[in-house]
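Worksheet: the structure to be examined is printed underneath.
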Amino acid sequence: MEEWIAREGLRLVPRDRLRAISRKSDLRGWLQAGSFAGALAVTTAGLLNARALTAVAVAAIFIAHGVLLNCLYAGQHELSHWTAFRTKWLNDRVGELFGFLTLNPFHTDRWAHFAHHRSTQDPGRDSELVGMNPFTPLTYALNLVGIDFWRRRIVAILRAAAGQGLEADYWLTPAQARAVVLEARVTVALWLVIAAASAGAGSWLAVTLWVGPLLTTKVVHQLQNTGEHTEMPHDPDIFRNTRTLVGPPPMRWLMWNMSYHTAHHAFPGVPFHALQALHREIVQAGGPSVIERGYLQAQRDIFASLARRAS
């Protein structure tokens, strides 16, 4: 999978340059993951000391904490590609932690994500589209704010734990399908352990520090998640079916540079810290135009497209 390159890729970026910017780094991975851990430590400390703060300050910290938790998925995505760290097993172990925290079982998500890369925007093969009804403005809004997103995510985990709901997952081998069921069962078992321990201790920490912020602040990560491909053509050309999202440095940090999504799809083996350089290489090569939109502009485009289809 990691050797897959977009059709126009090598014409735009020579192999020697591609090799140079594809070097993975444990240091860069630890700096990025560590900065997230540090930010989460700060927001956790704020929530634990909420009684000493104003209601406005607590609300701001709660939102920031939830956004950080949700954006761990951007890191999970890089870990799925084995590009966050040079040491391969680190990607798997950290990815499993991030996957549990974001309610996205890691190996299940990795196998589905590879199918997405192989068949981007193919309604019958792209794992992000298989089994999905076309959005309406209302269903898309519910997905954007997280309501329908979390419903589908939690139901999928529970069904997988029961050994159901994998019939359409053509990308799974029989061994992988068994692993998906096992991963879901371990996930649900850990949920039950945490719930039982919380009830036994009379503690709401799991809700206030994890589940509550995670479930209620999905919309910020969804600006990236939905902006990448939603309402783009069902065309195999990466330069037509993928948006690059333009935002300030804090957003690029939060999203682990996934804002450079066209570059990522063109060369999925290039690590997150090199995607800005790769994006410049592609643009300067003068090949197909990269579709660039601001985060809010992308949402305006999506809603306008959905409204046209609904009319």
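The values are calculated or read from the model by the stated rules, or taken from the named source; none is laboratory data. Remember, predicted model here, so these are calculated numbers, not experimental data. Quick reminder, even Gly has a Cβ in these numbers, built from the backbone with ideal geometry, and neighbours come from all protein chains shown.
Is one or more of the residues making up region 209-220 out of contact with any strand residue (DSSP E or B) (no Cβ under 7 Å at 6 or more places or on another chain), touching a residue at least 60 places away in the same chain (Cβ under 8 Å), of a type in the set (Ser, Thr, Tyr) and crowded, with 18+ Cβ neighbours inside 10 Å?
For region 209-220, residues out of contact with any strand residue (DSSP E or B) (no Cβ under 7 Å at 6 or more places or on another chain), touching a residue at least 60 places away in the same chain (Cβ under 8 Å), of a type in the set (Ser, Thr, Tyr) and crowded, with 18+ Cβ neighbours inside 10 Å: present.
Scan region 232-246 and give yes if some residue there is within 21 Å of GLY146 (Cβ to Cβ) and at pLDDT 95 or above, otherwise no.
Within region 232-246, one or more residues are within 21 Å of GLY146 (Cβ to Cβ) and at pLDDT 95 or above.
Could you tell me which of the residues ALA141, ALA162 is at pLDDT 95 or above and farther than 19 Å from ASN225 by Cβ?
Criteria check complete, one pass: ALA162.
Is at least one residue of region 239-252 surrounded by fewer than 17 Cβ atoms within 10 Å (Cβ to Cβ), out of contact with any Ser or Thr (no Cβ under 9 Å at 6 or more places or on another chain), touching a residue at least 24 places away in the same chain (Cβ under 8 Å) and on the phi < 0 side of the Ramachandran plot?
Yes; the residues of region 239-252 include at least one that is surrounded by fewer than 17 Cβ atoms within 10 Å (Cβ to Cβ), out of contact with any Ser or Thr (no Cβ under 9 Å at 6 or more places or on another chain), touching a residue at least 24 places away in the same chain (Cβ under 8 Å) and on the phi < 0 side of the Ramachandran plot.
For region 47-56, indicate whether the set of residues that are crowded, with 17+ Cβ neighbours inside 10 Å and more than 20 Å from the chain's Cα centre (by Cα) is non-empty.
Looking through region 47-56, at least one residue is crowded, with 17+ Cβ neighbours inside 10 Å and more than 20 Å from the chain's Cα centre (by Cα).
Listed here are the residues, each with its yes/no results for (1) more than 19 Å from LEU97 (Cβ to Cβ); (2) touching a His at 6+ places or on another chain (Cβ under 9 Å); (3) not polar (S, T, N, Q).
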position	(1), (2), (3)
LEU192	no, no, yes
ALA199	yes, no, yes
GLY202	yes, no, yes
GLN222	yes, no, no
PRO233	yes, no, yes
THR244	yes, yes, no
TRP253	yes, no, yes
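Assuming GLN164 fulfils every condition listed in (1) closer than 26 Å to ASP237 by Cα; (2) part of a loop (DSSP other than H, G, I, E, B) apart from one, which condition is it?
Unmet condition: (1).
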